[in-house]
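Data block below; observations after.
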Amino acid sequence: MYRWLFLALLPLLWSTVELKRSQDKGGNLGTQMNKHQFPPGFLWGCSTAAFQVEGAWNEDGKGENIWDHLVHTQPDLVKDRQNADVACDSYHKYKEDVALIRDIGFQVYRFSLSWSRILPTGDTDRINEKGVQYYRNLINEVLSKNIQPMVTLNHYDLPQPLQEFGGWANPVVADYFESFADVAFKTFGDKVPYWITINEPLDVMGGYGYKSGAPYLNLSGLGGDYLVAHNLLRAHAKAYRLYEKKYKSLQKGKVSITLDSCNYYPHNATSKEDQEAAERVFQFTLGLFAHPIYSEAGDYPPIVRQIVDQNSAKEGRARSRLPRFTEEEIKALKGSFDFFALNHYTSILIANNNHTSNAPPSTINDRAATFSQDPNWPSSNSPWLKVVPDGFRALLNWIKKEYNNPPVFITENGFSDDGRLDDEGRIDYYAKYLTAMQKALVNDKCNIIGYTAWSILDNFEWLDGYTFHSKSFHNKMNKDQFPKDFLWGCATASYQVEGAWNEDGKGENIWDRLVHTNPAAVVDKQNGDVACDSYHKYKEDVAIIKDLGFQVYRFSLSWSRILPTGDIDKINEKGVQYYRNLIDELLLNNIQPMVTLYHWDLPQPLQDFGGWTNAIIADYFETYADFAYKTFGDKVKLWITIKETLEAMQGYDFKTYAPYLSMTGVGGEYLAAHNLLRSHAKAYRLYEKKYKPSQKGKVALTLNTHFNYPLDPSSKEDQEAAERYIQFKFGLFAHPIYSQAGDYPPIVRQIVDQNSAKEGRARSRLPRFTEEEIKALKGSFDFFALNHYTSILIANNNQSSNAPPSIINDRAATYSQDPNWPSSNSPWLKVVPDGFRALLNWIKKEYNNPPVFITENGFSDDGRLDDEGRIDYYAKYLTAMQKALVNDKCNIIGYTAWSLLDNFEWLCGYT
């Protein structure tokens, strides 16, 4: 794993720095900054946060926090589906971190404590000594290098047990925070001169109000956003006054809370309404937290109190959404600071906006303003982070005027770029922002005492994860090493690339419905409305395929583009013509079309009566297949009925795909699987009987699977679990079609029937085929279409009878991956080429060596053009495939790489 330094300050202060550090090599930057342009006592430093850099998420007694819980239970919420289980591994490599800080010449290192590493339950009933020792070691290492620690008590990562009873929305959490602060002050305070109680309460509030972070809630309509803000302020006051009373006289430290703010300019500088709106937004964001602490009056800003109280009354509430402090709390909050800790990155334009009374109640509606940015402001690699140095100076002056010029410590400021070493954009940003800060200090007499840049390391950036991007497969291969009739190709899917979602008569499908009615289900809240625009640019797609030298293009039909209602009552001729044009363009360029009838985008009208859980869906699918064969079959010789039945099934089990349902408890996943298989059989037998004699095409069903290794190869239980697991995920669909016996795998039937009986059910959660259906399914293939990417390790797991009924419980197995397997940019996709060869041999043995066409295989990287990781993956996997073909005599007839184009990746959006 590589660790990247994420810092570079203007040449007069720092030399440009960006460091690539491996696990085996420390960094030596050898760069010092010229600090003489600032006052002698001015402090320079850098920052991190525990969850973003430490890793070791469950090591040495650490408890679970709300971010651990979120990234493990809802990985799709993170753009790249990554987590911080390892992150920068600072738990083990803190000495390397400190060496970097020393080499740059910083005097301050701002880091945060992981509350749940010290108090695993969130309370003082259990103190984790190994966690305590880690921070002792880190603080001692920092001090040994003449660096002052600035310690943040809470940087977003609330212990999960405290979240279970409401987290920051529950007033009692302030008491727990006070107890945690007491432990921290008592344990580390003799060596810590600077404390931050809470980092960016405005952003913490967003995790409860707008699903902007953990715990990923939307409580704004109930006033949950203000309730959280209220309790964060109460918690800060308790911690500050505790230190003041119990520790300050002896330890001599300074305590603050870190607030974050953009600078807010009126959109129209001459408009009084926009001027008032900009000031109002200041008060609703920065002032909401700063006014109770730094103002002479204390309490919330009067304009905030007035507006929220009025709006709450209009909404018919018995009380205001903005809680009230007691007189004692107002007194405790007022003056609860030793300096003003400020995070700042960019500026915003504010226009007045008189929201209608129909707008949903929230702090955003209360502000009555709209946000934008000047398109002429220079950009960073983050769309929101524009370079507006004058805004930094203006903000510092606003704080000076509003709060009587308190001593300000900039605790975060920085710039994102695309990772290049020659980071001119970052140099320019720091040059301009530090110049603006110097002007505020020297010219405007703003009382600025220090600056810490974000961040010393590239790290886990919350819901943005590590934000790497996939690239398409653009490396020509040497086909001469394979048989002459071996077919090479690439693949896409209609919803992922076509766009034109409601153009030319196309009907709505389940993905259209999901992304439009529940955009938050997609990581980046994007959709496939335009996607790659292949509906209009199919000729460009075909030109790329031709240039790569491929002979096959596997694409899918949009059922709802052809039959908008899902049935034959309405045929959309423009949709039909689109596919005719695409097929003709392929054939014109000597490329064979491999056409998938169904790639997850069921027409919404069919979902409205149950989708794949309704047995009648098989009849609709047969009718649709009949139309496709009749319309395109004279030119299409390779057909896929349904792509990845396992994933199609999972739209009904754990909300992993559209229609985004969770029906495991009632056996919905098995019911969907059952009807998917019945539909395939109907479509296959229809082609066999009605079209095959004249069209001479071939039809299959695409199945996907990892290869399963037993975690302990010598364990009979793990061996059996690995076999059981592949039968439940792969055999569930393959056995009825490719085995000599037909029907579901015996082990699957046995376990689900037994578990269903134990659950007190009158029937098994796994439906039964009729004899006629078993016969129709058995042998319903002309080749074996296989999607494969990686391998997993399987361990036996005898789950208790209390586990909720589901296919996961039925498998009685847990899966993991070997940390030594090379990684891609997708956490689940490890490079295990031997597993590919092993899987092909398993299929050969299990199903009498059918002709196998690899219909998907590929690798995700970070978007670089010099994609050595992808090259290495394809080299190894194609070598493994060749060995299976030549050495092991596996009957492999073709290979299509995923994917021709970067596209809409379902719930991952475009991340």
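Amide H to amide H distances under 5 Å link Phe853 with Phe784, Ala785, Leu786, Ile893, where only residues 5 or more positions off or on other chains count and H is placed in the peptide plane.
Dipole magnitude for the chain: about 520 debye, using +1 per Lys or Arg Cβ and -1 per Asp or Glu Cβ, origin at the Cα centre.
Of Gly253, Gln283, Gln306, which is farthest towards the positive pole of region 231-308's charge dipole, taken about the Cα centre with +1 and -1 on the beta-carbons of Lys, Arg and Asp, Glu respectively? Toward the positive end, the furthest listed residue is Gly253.
Where the only charges are on Cβ atoms (+1 Lys, Arg; -1 Asp, Glu), what is the dipole of region 802-902 about its Cα centre, to the nearest 20 debye? Present the calculation step by step, with values, prior to reporting the outcome.
Working: 10 positive and 13 negative charges, 106 e Å.
The dipole magnitude comes to about 500 debye.
The share of accessible area on region 233-371 that comes from carbon and sulfur is 52 percent, using a 1.4 angstrom probe. Dipole magnitude for region 564-686: computed about the Cα centre from +1 point charges on Lys and Arg Cβ and -1 point charges on Asp and Glu Cβ, it is near 240 debye. Tyr134 sits with roughly 10 Å² accessible to a 1.4 Å probe, with DNA, RNA and ligands left out of the calculation. Within the straight-line cut-off of under 22 Å between alpha carbons, the lysines reachable from Lys79 are Lys211, Lys386, Lys471, Lys525, Lys655, Lys830, sequence neighbours fewer than 8 places apart in one chain being disregarded.
Note on the chain: helix-only mean residue ellipticity at 222 nm, from DSSP H runs of 4+ residues weighted -39500 (n - 2.57) and normalised by residue number, equals -11500 deg cm²/dmol. Compute the Cα gyration tensor for region 328-392, then decide on rounded, prolate or oblate, letting a ≥ b ≥ c be the square roots of its eigenvalues: rounded whenever a/c is under 1.5, prolate when a/b is larger than b/c in the other cases, and oblate in all that remain. Since a/c reaches 1.5 but b/c is at least a/b, the shape of region 328-392 is classed as oblate. Farthest towards the positive end of the charge dipole of region 796-897, among the residues Ile871, Tyr895, Gln817, is the Cα of Tyr895, using unit charges on the Cβ of Lys, Arg, Asp and Glu. With the charge dipole of the chain set up from +1 on Lys and Arg Cβ and -1 on Asp and Glu Cβ about the Cα centre, the Cα lying farthest toward the positive end among the listed residues Leu227, Gln577, Ile66 is that of Ile66.
Amide H contacts under 5 Å for Tyr156: Asn199, restricted to partners 5 or more places along the chain or on a different chain, H placed in the peptide plane at 1.01 Å from N. Taking every Cα-Cα distance in region 565-689 and sorting them into 5 Å bins starting at zero, the pair-distance distribution P(r) comes out as 2, 10, 20, 22, 18, 14, 9, 4, 1, 0, 0 percent. Accessible area of His536 (1.4 Å probe, protein heavy atoms only, ligands and nucleic acids ignored): about 100 Å². Need one word for region 282-357: rounded, prolate or oblate. Basis is the Cα gyration tensor (sqrt eigenvalues a ≥ b ≥ c); a/c below 1.5 gives rounded, then a/b vs b/c decides. In terms of gyration-tensor shape, oblate.
Show me the ranking of peptides 597-610, 302-315 by mean Cβ neighbours inside 10 Å, starting with the highest. Write out the running numbers ahead of the final one.
On the way: 597-610: 21.5, 302-315: 16.1.
Listed from highest to lowest mean packing, they are 597-610, 302-315.
Across the cross-link table entries Lys62/Lys254; Lys539/Lys574; Lys254/Lys334, which are compared at the Cα atoms, the separations over 19 Å belong to Lys62/Lys254.
What is the packing order of peptides 812-822, 498-508, 579-589, taking the mean over residues of other C-beta atoms within 10 Å and listing the highest first?
Numbers: 812-822: 14.9, 498-508: 19.5, 579-589: 17.1.
Top to bottom by mean Cβ count within 10 Å: 498-508, 579-589, 812-822.
Straight-line reach from Lys690: taking Cα to Cα under 25 Å and skipping same-chain neighbours fewer than 8 places apart, the lysines in range are Lys570, Lys630, Lys635, Lys637, Lys643, Lys682, Lys698, Lys775, Lys778.
Heavy atoms only, probe 1.4 angstrom, no DNA, RNA or ligands counted: give me Arg768, Arg870 ranked by accessible area, highest first.
Numbers: Arg768 160, Arg870 0 Å².
My answer, sorted largest first, is Arg768, Arg870.
The string of couplings for region 72-80 from the Karplus curve (6.51, -1.76, 1.60, θ = phi - 60°) is 8, 8, 9, x, 5, 6, 8, 3, 9 Hz, one whole number per residue in order, with x for Gly and Pro. Solvent-accessible surface of protein heavy atoms, probed at 1.4 angstrom with all chains present, puts Trp828, Trp384, Trp559 in the order Trp384, Trp828, Trp559, largest first.
Couplings for region 769-785, taken from phi via the Karplus curve 6.51 cos²θ - 1.76 cosθ + 1.60 with θ = phi - 60°, read 6, 6, 4, 5, 5, 4, 5, 5, 6, 4, x, 7, 7, 10, 7, 9, 8 Hz in order; Gly and Pro are left as x. Each peptide in 94-102, 875-883 gets a packing score, the mean of other Cβ atoms within 10 Å over its residues, and the list from highest to lowest is 94-102, 875-883. Going by alpha carbons, how many degrees (0 to 90, nearest 10) lie between the helix axis of 90-104 and the longest principal axis of the chain? Approximately 50 degrees, to the nearest 10. The solvent-accessible area of Asp76, taken with every protein chain present and a 1.4 Å probe, is close to 30 Å².
Amide H to amide H distances under 5 Å link Phe409 with Phe340, Ala341, Leu342, Ile449, where only residues 5 or more positions off or on other chains count and H is placed in the peptide plane. Accessible area per residue for the chain, computed on protein heavy atoms with a 1.4 Å probe, is 39 Å².
Listed options for Kirkwood radius over Cα pairs in Å are [x] 33.9; [y] 30.3; [z] 37.2. The value calculated from this structure is the one marked [y].
Explain nothing, just the number: relative contact order of region 816-890, from Cα pairs under 8 Å at least 6 residues apart, as a whole percent.
On the way: 59 pairs, mean separation 27.3, N = 75.
Once divided by the residue count of region 816-890, the mean separation gives 36 percent.
The values are calculated or read from the model by the stated rules, or taken from the named source; none is laboratory data. In this text, all values refer to a predicted model and were calculated from it rather than measured experimentally. For neighbour counting, all protein chains shown are included, and Cβ atoms are generated from backbone atoms with ideal geometry for every residue, glycine included. When the accessible area is computed, the model is the full protein with side chains, heavy atoms only, and any ligands, DNA or RNA have been set aside. Shrake-Rupley method; radii C 1.70, N 1.55, O 1.52, S 1.80 Å.
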